[in-house]
Amino acid sequence: MCGRYTIIETDELGQRYNVAIGDKIKPNYNAAPSQTLPVVSNTASGKHLELMCWGFLPVWAKDPKIGYKLINARSESVFDKPMWKKAITSSRCLIPASGFNEWKAEQGGKQPFYIHPKSLPIFSFAGVWSTWHDPSGQEVNTYSILTTEPNAEMSSIHNRMPVILHPEDEEDWLNPDLSEQQDIERYLRPLEDDALETFPVSKAVNVVKTNDETLVLPINSQ
């Protein structure tokens, strides 16, 4: 499961994804479910970046609280469940990030770790998105992060990890012509071994309102 992540280098998003940026996006050291966060999608009007709510809401959802349970989608089953199948075949997106958190079960409680690719200051989670309408009819765009089996570094922390795309695969992931299951599945894999740096961080990350650079510093450096 991926329940927290960071997006720090926000001034570079426009150049990194070759999209226009409207209002300034503030760095976020503790991105959490239900927050509105930057997402890159490719619609009929072309590739663009917009703020979407983290927590997928199917079009049929009556209660928006269901989104809290749908912040992640298991890549192994997205083609088997009607709720995800349309999104994975026609509504894929990139979720820009600098790193993410995962909690390791240890004696005395769960220890948060910060994880990030060693060579990518900004990378993309593979995601899916949906347009939901609230009771007043207003459109709300929401998204979920796809997860997969862990690579070597992640396996010592957790039994799942988010799907992290290689930069050269991002345009293909957004390509609406990519719709066959076998073509999409080749991107739904763990990042290769030895590509991630991981270290324990302060448990202050457990509190959503805590949001500063100390959350991405190793414990032994504070």
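The values are calculated or read from the model by the stated rules, or taken from the named source; none is laboratory data. On a predicted model such as this, the values are computed, not experimentally measured, just so you know. When we count neighbours, we look across all protein chains shown, and the Cβ atoms used for this are built from the backbone with ideal geometry, even at glycine. Quick note on the areas: whole protein, heavy atoms, side chains included, nothing else; ligands and nucleic acids left out. Shrake-Rupley method; radii C 1.70, N 1.55, O 1.52, S 1.80 Å.
What Kirkwood radius, in Å to one decimal, follows from the Cα pairs of region 125-166?
12.3
What relative contact order, as a whole-number percentage, does the chain give when Cα pairs under 8 Å and 6 or more residues apart are counted?
Values: 471 pairs, mean separation 49.0, N = 222.
Once divided by the residue count of the chain, the mean separation gives 22 percent.
Taking the Cα-to-Cβ direction at Glu168 and at Glu185 and moving 7 Å from each Cα, how far apart do the two end points lie in nm?
2.4
Under the rule of -39500 (n - 2.57) per DSSP H run of 4 or more residues, summed and divided by the residues of the chain, what mean residue ellipticity at 222 nm is obtained, to the nearest 500 deg cm²/dmol?
One gets -2500 deg cm²/dmol as the mean residue ellipticity at 222 nm.
List every residue whose amide H lies under 5 Å from the amide H of Arg4, counting only residues 5 or more places away in sequence or on a different chain, with H placed 1.01 Å from N in the peptide plane.
Answer set, sorted by chain and number: Asn101.
Tell me the carbon and sulfur percent of the accessible area for the chain, rounded to whole percent, probe radius 1.4 Å.
On the way: 5500 of 10960 Å².
It is 50 percent, rounded to a whole number.
Considering just Cα atoms, how many Å³ per residue does the convex hull of region 88-222 enclose? All intermediate terms of the calculation are to be shown ahead of the outcome.
Details: hull volume 20.2 nm³, N = 135.
Per residue, the Cα convex hull of region 88-222 comes to 150 Å³.
Heavy-atom accessible area per residue, the chain, 1.4 Å probe: how many Å²?
Values: 10960 Å² over 222 residues.
That works out to 49 Å² for each residue.
Would you please report the Å³ per residue occupied by the convex hull of the alpha carbon atoms in region 41-131? Intermediate values should be presented prior to the final figure.
Details: hull volume 13.3 nm³, N = 91.
It is 146 Å³ per residue.
So if I take the centroid of the Cα atoms in region 14-30 and the same for region 51-104, what is the distance between those two points in Å?
21
Tell me, what ³J(HN,Hα) does each residue in region 169-184 have, in order and in whole Hz, if you take phi through Karplus 6.51 cos²θ - 1.76 cosθ + 1.60 with θ = phi - 60° and put x for Gly and Pro?
Those phi angles translate into 9, 5, 5, 5, 4, 7, 5, x, 7, 7, 9, 7, 3, 5, 6, 6 Hz.
When 1/r is averaged over all different Cα pairs and the result inverted, which Kirkwood radius in Å belongs to region 80-126? Please list the in-between numbers first.
Working: mean 1/r = 0.0746 Å⁻¹.
For region 80-126, inverting the mean 1/r across all distinct Cα pairs yields 13.4 Å.
Using per-residue counts of other Cβ atoms within 10 Å, averaged over each peptide, order 189-197, 93-101 from highest down. The partial results should precede the final answer.
Values: 189-197: 16.1, 93-101: 24.1.
Going by the mean number of other Cβ atoms within 10 Å, highest first, we get 93-101, 189-197.
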